[in-house]
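Single-structure report; data block below.
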């Protein structure tokens, strides 16, 4: 399952569910249990990175902005119960998948994760697709494509894609 970064918080904010005020010492650490407004457990913190906190509910994993966490009687708390969080994440995932399905078609522009135009999708088949780049056509895995800032995006930086293509081309010519 894909990680829905910030999507759950945005969906819940739109739905009018309030989040607790940020507490400076909310106990937001890896392994801590997260609780909802009713005091019931929502999940466990798996990772804290930058301004995001990854919470595993047991059914799914979601990255939430750190500012939605407050300090409750039992530990870190958020303004949503487990069912609300899971519903918001599932809804956000479905919307993202629909957007990707609409955009991931032949002749679509493909960008790198750092926003550089890589080329155009030539064809899509099974678990891979062919992309036409300036240096030729290459087959890439579909699982590494997502939508980022409303652009079809391959989850690698342009320089990394270029280096991998150069290495593949070199190996194909008998070099190392």
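Computed extension length for residue 94-residue 117: 5.7 nm, one decimal, from 0.36 nm per residue of separation with the Cα-Cα distance subtracted. When peptides 140-147, 70-77 are ranked by their average number of other Cβ atoms within 10 Å per residue, the highest-first order is 70-77, 140-147.
The distance between label points at residue 125 and residue 157 comes to 3.3 nm (points 7 Å beyond Cα on the Cα→Cβ vector). Placing a label point 7 Å from the Cα of residue 165 along the Cα-to-Cβ direction, the residues of region 101-133 whose backbone N falls under 11 Å from that point are 112, 117-120, 131-133. FRET efficiency for the residue 107 to residue 47 pair, using the beta carbon distance and R₀ = 35 Å, is estimated at 0.40.
Model label points for residue 132 and residue 40, set 7 angstrom from Cα along the Cα-to-Cβ axis, are 5.4 nm apart. If you find the alpha carbon centre of region 114-139 and of region 143-164, how far apart are they in angstrom? So the two Cα centres are separated by 10 Å.
The alpha carbon radius of gyration of region 54-153, expressed as a multiple of 2.2 N^0.38 Å, is 1.43.
Values in this text are rule-based calculations from the coordinates and carry no lab data. Computed from a predicted model, the values in this text were never measured in an experiment. Using ideal geometry, Cβ is built from the backbone for each residue, glycine included, and neighbour counts are taken over all protein chains shown.
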